[in-house]
Amino acid sequence: MIRILIVDDHPIVREGLAAVLDAQEDMEVAGEASDGEEAVKQYAEHQPDIVLMDLAMPGADGVEAIRRIRAFDEQARVVVLTAYDTDDRIFQAVQAGARGYLLKGAPRDEIFRAIREVNNGGSLLEPAIADKLLSRVGDILRGGAVEQLTPRELDILTLMARGLRNKEIAHQLYITERTVKFHANAIYRKLDVSSRTEAVSKALRHGLVEA
């Protein structure tokens, strides 16, 4: 079972999410929180597999809650579900450690998919969100130390930022999935990270770094 902590300041939203999540055979709601402060306490108490996090809340907001939860447990897996799609909010959430970002109003199947994907160690960004994040990555790549990555590695990192999986990247670039994995490992090594989410986050935070 995927144990989920729901964080949202609207009781009706929490109740609705709890109802649809509990109806899934592989999911159960481990707890609920109405603000960032309570979210950190609930996380420490319940140790959920996934945190489904709103951003705009009274007191400590979602971004601050993500930072504090990740400080408590660096392996914490957070999926943002919010009404905010501004570049700054997306950037801040991913920078804080969110592995998924969906807008409220997303189909429930997309929410289920994001939870399962992130629980399995992956990441999932809604297409519109991925495009906004990609533009920020592109700005950094153009202004950073791009010589540290090869053109092919930059291509793959760009597609990672769009949320494409290895098989999809291989199809888009007309290379094998094995080749994608080879280049991805080189990117992780050069950026000193262990996953694609960390690679994109680090590019956003610091630009491309020397291996």
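The values are calculated or read from the model by the stated rules, or taken from the named source; none is laboratory data. Everything numeric here is computed off the predicted structure, so don't read it as measured data. Note: ideal-geometry Cβ built from the backbone for every residue, glycine included; neighbour counts use all protein chains shown.
Per-structure values
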quantity: Given (1) at pLDDT 95 or above; (2) under 18 Å from Lys104 (Cα atoms), index of the condition Val63 fails; calculated: (1)
quantity: Boolean, Val94 is closer than 21 Å to Arg165 by Cβ, under 10 Å from the mean Cα position of the chain (by Cα) and at pLDDT 90 or above; calculated: no
quantity: Residue within the range 164-181 that is at pLDDT below 85 and either assigned by TED's automatic domain parsing to the domain that holds Ala83 or more than 30 Å from Met1 (Cβ to Cβ) (or both) present; calculated: no
quantity: Top-ranked residue of the range 75-91 - restricted to ones that are surrounded by fewer than 17 Cβ atoms within 10 Å (Cβ to Cβ) and modelled with pLDDT of 80 or more, ranked as farthest from Asp49 (Cα to Cα); calculated: Ala83
quantity: Among (1) farther than 22 Å from Gln92 by Cβ; (2) touching a residue at least 40 places away in the same chain (Cβ under 8 Å), the one test that Met53 misses; calculated: (1)
